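Here's the structure, in structure tokens; my notes come after.
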Amino acid sequence: MKTIKFEVSNNIATITMNRPEALNALNNDFFSDMELLLSNIREDNEIRILVITGEGKAFVAGADIAEMVSMNKAEAEKFSSRGQDVFLGLEKLNMPVIAAVNGYALGGGCELAMACDIRIASSKAKFGQPEVSLGLIPGFGGTQRLPRLVGLGNALNLLLTADQISADEALRIGLVQKVTEPEQLMDEVYKLAERILSKGPHSVSLIKKVAHIGLELDFAKATRLESREFGSLFGNEGTEGMKAFLEKRKPEW
Ligand code: DAK
């Protein structure tokens, strides 16, 4: 693949964006690589967690400005929908996706991190939505995911000023869940992945599904969905988990 390194080990897949010379800026080649990878990941029952990180000093410094500059309106709209489909694909994967944010997560990079389920950041990471400085608006879901994650005031503050914020500030506003020393980032992320892997596999994927779908529904419908999926775990994984607790042993998933 032209833009991505891909590895799988112990049920954990890792995507490393690998164009450090352009700070991993997102271009059409990247979306082609991601489309292929996502369809392979969906078919691969061995993979139960996906980690996304970047090579070099950036996670992703945004959409590739050099590629976008010559786009016409139709091409730009197509590029934007392509990115949105890939990011939605991450959200819909039936496994947790963890962003290991190693450096700059700007524009499309911040949007990519937001399409992941959990964000762990190196203390060197920087976050921002600089599109407004380029006379643009975010094109990969940023205007929608950022307010949902950090509230409208914090989101508009970032979107309207293009300010870059530190990892600690991102933690404070709830954009990331943890900040680590740079050299500990991947260890922390894999430790988190292992902790999730030890839990009931079906409950893990159902929690992700119900949380995401529920956000799009009204409360009554969302809690009905929760009840249905809660019930679906009885007679199989849930029953085993509860029996294991009562029998003081480890569950056999
Ligand atoms: N695109 C292309 N190349 C980039 C890039 C980017 N986003 N960011 C960095 N690079 C390239 C630089 O041009 C430079 O290339 P060379 O000059 O070496 O050939 C190389 O990466 C190293 O960058 P710097 O020399 O600038 O590195 P510094 O450490 O000095 O600065 C920086 C790091 C991250 C502060 C700086 O590179 C920077 O400000 N980068 C741009 C950040 C940015 O504005 N990102 C937002 C991009 S806009 C839409 C679809 C999508 C979007 C919007 C609409 N529709 C279709 C509607 C999304 C938009 C964005 O994401």
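The values are calculated or read from the model by the stated rules, or taken from the named source; none is laboratory data. The structure displayed is predicted, hence computed values, not measured ones. A quick note on method: Cβ atoms are made from the backbone with ideal geometry, for glycine too, and the neighbour counts reach across all protein chains shown.
A few comments on the model shown:
- Scoring A99 on the criteria (1) closer than 25 Å to I12 by Cβ; (2) in a helix (DSSP H, G or I); (3) in contact with a strand residue (DSSP E or B) (Cβ under 9 Å, 6 or more places away or on another chain) leaves a single failure, condition (2).
- Tabulated pairs, segment 14-35, first part of a helix (DSSP H, G or I), second of a type in the set (S, T, Y), C-beta under 8 angstrom, 6+ apart or interchain: D29/T3; F30/T3; D33/T3
- All of T14, T3 fail the test of being crowded, with 16+ Cβ neighbours inside 10 Å, among the β-branched types (V, I, T) and away from the ligand (no atom under 16 Å from the Cβ), apart from T14.
This table checks each residue for (1) surrounded by fewer than 21 Cβ atoms within 10 Å (Cβ to Cβ); (2) more than 8 Å from the ligand (Cβ to nearest atom).
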| site | (1), (2) |
| --- | --- |
| P20 | yes, yes |
| N28 | yes, yes |
| E43 | yes, yes |
| A58 | no, no |
| G62 | no, no |
| E67 | yes, no |
| L88 | yes, yes |
| G107 | no, no |
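- Scope segment 234-253; condition at pLDDT 95 or above, assigned to a loop (DSSP other than H, G, I, E, B) and closer than 12 Å to K199 by Cβ; matching residues: K250, P251
- Scanning segment 143-191 for residues that are out of contact with any helix residue (DSSP H, G or I) (no Cβ under 6 Å at 6 or more places or on another chain) and in a loop (DSSP other than H, G, I, E, B) returns G151, D163, Q164, Q177, E181.
- Condition check for F140: within 26 Å of I65 (Cα to Cα) and not in a strand (DSSP E or B): yes
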